[in-house]
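Asker: Before anything else, here's the structure in question.
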Amino acid sequence: MAEPISTGALKDNKLLKGVFAVAGIMITLVSYGVLQEKIMRVPYGLNKEPFKFSLFLVLCNRVTTSAVSAGFLLASKKALGPVAPVYKYCLVSISNILTTTCQYEALKYVSFPVQTLAKCAKMIPVMVWGTVIMQKKYKGNDYLLAFLVTVGCSIFILYPAGTDISPYGKGRENTVWGVSLMIGYLGFDGFTSTFQDKLFKGYDMEIHNQIFYTTLCSCLLSFTGLILQGHLLPAIEFVARHNDCFLDVVLLSTVATASQFFISYTIRTFGALVFATIMTTRQLVSIMLSCIWFHHPLSWEQCIGAVIVFGSLYMKTFLRKTPQKPPPSEQTKNGTSSPLKENP
């Protein structure tokens, strides 16, 4: 049966596919960044009430992603049964919940530009976990890049232009809390990515199978955490009283789930090199948009730090563009060629 003309034209046209991939990633992840900053840092209502329930956002995101991944598995007529032992999915789930919670909580104390730039340093914990868990070896260029990114991030954090407006207070103590939470984010995120990689290599696992069971465990764990903290009903009551907050949470969960589709599509269609370039550009756009939208001032030292970070990342991307591509099997085995997905 012949395909529709529009579908065939899209498949044959590399430019349209590229525009589709870039637009999808930019729109979903940039929107995700703006929404998470708005929810966690901008008070709601006439009484200026801040939203404090980070775990509730995790629950909403994971419920949406779990439902969509189950739909993909059913539509493709693939087995819903777990491929790996359930406790291994739970390990990924726990570290992923801690990653996302630290990410949301950090926004109470540091600005979104600081958080976004700090995410660029995730290669450091990934290299540490890769050495410990996967026994991987890294080249001198990888260590040099990690050092440059760390220097750039440190300059950006240590030399702010002024005090950011936060509904949770001000001062050096809050900055320490924010940086500590970002360190927690980077550590847990590095473990999550590395252990996911180990699961894919250790088992014949389809990506939606891992997403489904990981997010299903996350739903149960985050729901239990909300009950134990006594935050479930207050969170529901908060979004019920503030319709704009309810809409923001729905949009956040939607774009977080949609971004996973565009990430997978881009990697499958264009490979890791193009994906890395798009993600680096997305982070730069997110910082610029946040500075404009939420009026974050940048000092000249921060501008230098940002140039060091993004310059290093772009340099790495273009240095990886070699004339001869290794076979797909080698690309899979080489930890540095596998892109790290965003963990919304």
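The values are calculated or read from the model by the stated rules, or taken from the named source; none is laboratory data. Everything quoted here is computed from the prediction, not taken from an experiment. Every residue, glycine among them, receives a Cβ derived from its backbone with ideal geometry; neighbour counts consider all protein chains shown. Surface areas here come from the heavy atoms of the whole protein model, side chains and all, with no ligands, DNA or RNA. Shrake-Rupley method; radii C 1.70, N 1.55, O 1.52, S 1.80 Å.
Asker: According to a simple spin-label model (label point 7 Å from Cα along Cα-to-Cβ), what is the distance in nm between LEU251 and VAL86?
Answerer: 3.8
Asker: Amide H to amide H under 5 Å from TYR44: which residues, 5+ apart in sequence or cross-chain, H placed 1.01 Å off N in plane?
Answerer: GLU49, PHE51
Asker: What does the extension gain come out to for ILE304 and THR224, with contour length at 0.36 nm per residue minus their alpha carbon separation?
Answerer: Full-extension gain reported as 24.4 nm.
Asker: Report the calculated FRET efficiency for VAL42 and TYR314 (r = Cβ-Cβ distance, R0 = 35 Å), to the nearest 0.05.
Answerer: 0.65
Asker: Can you give me the % of accessible surface on the range 1-156 that is carbon or sulfur? Probe 1.4 Å, all protein chains present, nothing else counted.
Answerer: Solvent-exposed carbon and sulfur of the range 1-156 make up 71 percent of the total.
Asker: How many angstrom lie between the Cα centre of the range 32-47 and the Cα centre of the range 62-110?
Answerer: Cα centroid to Cα centroid, the span is 24 Å.
Asker: Output the pairs from LYS14/LYS88; LYS17/LYS77; LYS88/LYS119 with a Cα-Cα distance over 32 Å in this structure; if there are none, say none.
Answerer: Exceeds cut-off: LYS14/LYS88.
Asker: Plugging the Kirkwood radius over Cα pairs into Stokes-Einstein for the range 7-118, at a temperature of 10 °C and a viscosity of 1.306 mPa s, what D comes out in µm²/s?
Answerer: Stokes-Einstein gives a translational diffusion coefficient of 92 µm²/s.
Asker: Counting heavy atoms of the protein chains only and a 1.4 Å probe, report the per residue accessible area for the range 180-239 as a whole number of Å².
Answerer: Heavy-atom accessible area per residue stands at 45 Å².
Asker: Can you give the accessible area of TRP129, probe radius 1.4 Å, in Å² rounded to 10?
Answerer: 80
Asker: Just to confirm, what accessible area per residue do you get for the range 12-85 at 1.4 Å probe, in whole Å²?
Answerer: 47
Asker: Return the distance in nm (one decimal) between the two label points of a simple spin-label model at MET26 and TYR265, each offset 7 Å from Cα along Cα→Cβ.
Answerer: Between MET26 and TYR265, the label points sit 1.5 nm apart.
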